[in-house]
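Read through the structure below, which is laid out as structure tokens, and then see the notes.
The values are calculated or read from the model by the stated rules, or taken from the named source; none is laboratory data. Quantities reported herein were computed from a predicted structural model and do not represent experimental measurements. Cβ atoms come from the backbone with ideal geometry, glycine included; neighbour counts cover every protein chain shown.
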Amino acid sequence: MKLLVVGSVAFDAIETPFGKTDKILGGAATYISIASSILGVKSGIVSVVGGDFPQADLDMLSGRGVNIEGIEIIKEGKTFFWSGKYHNDLNSRDTLVTEVNVLENFDPKIPESMQDAEILLLGNLHPGVQLSVLEKMNNRPKLVILDTMNFWMDSALDILLQMIAKTDVISINDEEARQLSGEYSLVKAAQKIHEMGPQFVIIKKGEHGALLFHDGKIFAIPALPLEEVYDPTGAGDTFAGGFASYLAKKEDFSFETMKSALIVGSAMASFTVEKFGTQRLEEVTEGEMIARIKSFKELTTFQVHV
Ligand code: AMP
């Protein structure tokens, strides 16, 4: 197994200007692993769900080649539930409900079959849980990728900083980078975050693309302008999943390969937003993904003769 994913497997209820859903499948680890399966990369999930979690969703994941041995089922418990409402620009959202349920006392257990993972992708969870996963691995994975959010900066900064110190690649959005570093300029913010530990800093800017910082170098990509945008939920997780899976596939963690991984992650995320929940991502074929990567290339390639 190449990629170990730790994160929520959840129920979401989503409202956007284009519609509303009841409880549907969600969770960071879900989006990440579906993205991996599209690239044909073997991933395994460590998470926890309640007895109310449908077997059909677990079957969908294992049917895609995802190792679900590490998804603990607490029969008498309820699955994590999140509900959010997006504003008209779809760039910002309000959290309406967070029912932590079985995630409250989540004590991740790493199955033996996942101990040899080369890449550890820590999805957005309490940084104490993220740290405990790293400590429970027999050997440190070759690459540790961390996703986090402002909520943990407000509520668990000390332990978050300990986690960041052990991270190789951090993936956060622009506002979070500013909050974490205390710098408005994203270039200065990335420099400060490098000093906290990560050699690679990814700053996501929603519909404005993403930046990758490493060793004084910067790489920038736009987001693909899309005709259909219904629901941005899970776009950040899908991005992280596509990014990590491309690196796993190439078995190379250099800046050059990460540049390509950034494109793959963004191309994947561009599918997620086209329908509610995981629906569109579940339909994506390899051919569609390749076509979208080509569109990215056309969008960003130009010649200038001065
Ligand atoms: P994203 O849109 O990429 O930020 O991720 C959305 C996913 O994160 C949803 O499917 C939620 O189930 C999940 N999520 C939201 N809040 C949390 C939280 N506090 N801990 C873990 N997962 C969460």
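For this structure, a couple of remarks:
- Scan of the range 197-228 for residues that are of a type in the set (A, V, I, L, M), within 23 Å of GLY84 (Cα to Cα) and surrounded by fewer than 17 Cβ atoms within 10 Å (Cβ to Cβ), ordered by number: LEU226
- Residue count for the range 74-114 satisfying the condition of being touching a Leu at 6+ places or on another chain (Cβ under 8 Å) and away from the ligand (no atom under 14 Å from the Cβ): 2.
- Filtered residues of the range 15-31 (kept if in a strand (DSSP E or B) and among the polar types (S, T, N, Q)): THR16
Per-residue answers, yes or no, for (1) modelled with pLDDT of 95 or more; (2) in contact with a helix residue (DSSP H, G or I) (Cβ under 6 Å, 6 or more places away or on another chain); (3) in a loop (DSSP other than H, G, I, E, B):
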{"position": "SER83", "(1), (2), (3)": "yes, no, no"}
{"position": "ASN88", "(1), (2), (3)": "no, no, yes"}
{"position": "VAL102", "(1), (2), (3)": "yes, no, no"}
{"position": "LYS109", "(1), (2), (3)": "yes, no, yes"}
{"position": "SER113", "(1), (2), (3)": "no, no, no"}
{"position": "LEU131", "(1), (2), (3)": "yes, yes, no"}
{"position": "LEU134", "(1), (2), (3)": "yes, no, no"}
{"position": "ASN139", "(1), (2), (3)": "no, no, yes"}
{"position": "ILE164", "(1), (2), (3)": "yes, yes, no"}
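- Test: residue in the range 141-157 that is of a type in the set (Phe, Trp, Tyr) and assigned to a loop (DSSP other than H, G, I, E, B): no
- The range 39-56 - residue that is outside any strand (DSSP E or B) and touching a Ser or Thr at 6+ places or on another chain (Cβ under 8 Å) and, of those, farthest from SER113 (Cα to Cα): ASP52
- Whenever a residue of the range 216-238 is within 27 Å of LYS192 (Cβ to Cβ), its partners that are in a loop (DSSP other than H, G, I, E, B) and near the ligand (Cβ under 9 Å from one of its atoms), lying with C-beta atoms within less than 7 angstrom and at least six residues away or across chains, give the pairs ASP237/GLY123.
- Checking each residue in the range 192-218 for being among the hydrophobic types (A, V, I, L, M, F, W, C) and in contact with a strand residue (DSSP E or B) (Cβ under 8 Å, 6 or more places away or on another chain) picks out ILE193, PHE200, VAL201, ILE202, ILE203, ALA210, LEU211, LEU212, PHE213, ILE218.
- Here VAL97 meets the list (1) of a type outside the set (Gly, Ala, Ser); (2) more than 25 Å from LEU4 (Cα to Cα); (3) free of Cβ contacts under 8 Å to residues at least 24 places away in the same chain almost entirely, failing just condition (3).
- Within the option set GLY216, GLY287, GLY277, being modelled with pLDDT of 95 or more, more than 19 Å from LEU121 (Cα to Cα) and away from the ligand (no atom under 16 Å from the Cβ) holds for one residue only, GLY216.
- Residues that are surrounded by 24 or more Cβ atoms within 10 Å (Cβ to Cβ) and not aliphatic (A, V, I, L, M) were ranked within the range 247-269; the one that is nearest to LYS85 (Cα to Cα) is SER266.
- MET268 vs. criteria outside any loop (DSSP other than H, G, I, E, B) and more than 16 Å from the ligand (Cβ to nearest atom): no
- For the range 1-39, a residue qualifies if it is among the aromatic types (Phe, Trp, Tyr) and more than 15 Å from the ligand (Cβ to nearest atom), and exactly one does: PHE18.
- Matching entry among LEU211, LEU143, LEU134 (being closer than 20 Å to LEU247 by Cα, of a type in the set (A, V, I, L, M, F, W, C) and touching a residue at least 60 places away in the same chain (Cβ under 8 Å)): LEU143
- Consider the range 118-128 and keep the residues that are crowded, with 19+ Cβ neighbours inside 10 Å and either within 15 Å of ALA244 (Cβ to Cβ) or β-branched (Val, Ile, Thr) (or both). The one that is nearest to the ligand (Cβ to nearest atom) is ASN124.
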